[in-house]
């Protein structure tokens, strides 16, 4: 799959991704971390942008893949909350007006085995890994996966080529280039081209543009 380069909020909590080729894909269902490819539900900001965020949806950053979102979480913990202990971390990361912060603190302590006021910067390698894993788990990463739906648009006819007798012989179709008349008709019949297969007075098939989509 091509790499996603842009993302925006869609209808019904979906997230619309655009890849390097301009194709759009809708991430539907699942939960917010999955739709945003943001396992820690990191907010949009300097750290998110430096780790490749490509948009926002639902108040959180959207990333092109899990690894980018994961890296943003790691950097957030190491930079923004380095001098905080677990309660202080959770107060900022999962504030009471949005979360059950005390429950979050209890969960993190249980998962990491860290008690007291030990600072994040002083966590051992093992403790730090348990920390980010606990946050991703608490935020819901991996718990609810939806579906990815292609929003591919139908191609359009850009130009028409005639032979010496004024009969259509080829069509230029966006994304396909120049194709024979028969190929253009076949693509349209397959639902891949935004046109109508019509019949001339002589009984020949040709492509006709839809209303307000004329084929010159």
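The values are calculated or read from the model by the stated rules, or taken from the named source; none is laboratory data. Since the model is a prediction, treat every value here as computed from it, not as a measurement. All Cβ positions, even for glycine, are placed from backbone atoms using ideal geometry, and neighbour counts span all protein chains on display.
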Exercise. Mind checking whether some residue in segment 69-76 is without any contact (Cβ under 8 Å) to a residue 12 or more places away in the chain, under 20 Å from residue 38 (Cα atoms) and under 30 Å from the mean Cα position of the chain (by Cα)?
Worked result: no
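So, residue 57, is that one closer than 23 Å to residue 10 by Cβ, within 11 Å of the chain's Cα centre (by Cα) and surrounded by 21 or more Cβ atoms within 10 Å (Cβ to Cβ) or not?
The answer is yes for residue 57.
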Exercise. Of these, 12, 35, which one is touching a strand residue (DSSP E or B) at 6+ places or on another chain (Cβ under 8 Å), buried (at least 20 other Cβ atoms within 10 Å of the Cβ) and under 14 Å from residue 149 (Cβ atoms)?
Worked result: 35
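A quick yes/no check of all residues on (1) under 26 Å from residue 26 (Cβ atoms); (2) touching a strand residue (DSSP E or B) at 6+ places or on another chain (Cβ under 6 Å); (3) at pLDDT 85 or above; (4) not assigned by TED's automatic domain parsing to the domain that holds residue 22:
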site: 176; (1), (2), (3), (4): yes, no, no, yes
site: 182; (1), (2), (3), (4): no, no, yes, yes
site: 195; (1), (2), (3), (4): yes, yes, yes, yes
site: 198; (1), (2), (3), (4): no, yes, yes, yes
For this session: Output yes when any residue across segment 162-182 is in a helix (DSSP H, G or I), in contact with a helix residue (DSSP H, G or I) (Cβ under 9 Å, 6 or more places away or on another chain) and within 28 Å of residue 18 (Cβ to Cβ), and no when none is.
Result: no
Problem set entry | Filtered residues of segment 155-174 (kept if surrounded by fewer than 17 Cβ atoms within 10 Å (Cβ to Cβ), in contact (Cβ under 8 Å) with a residue 24 or more places away in the chain and within 23 Å of residue 24 (Cβ to Cβ)) | 156
Exercise. Residue 99 is checked against (1) touching a helix residue (DSSP H, G or I) at 6+ places or on another chain (Cβ under 7 Å); (2) within 30 Å of residue 17 (Cβ to Cβ) and fails just one. What number does that condition carry?
Worked result: (1)
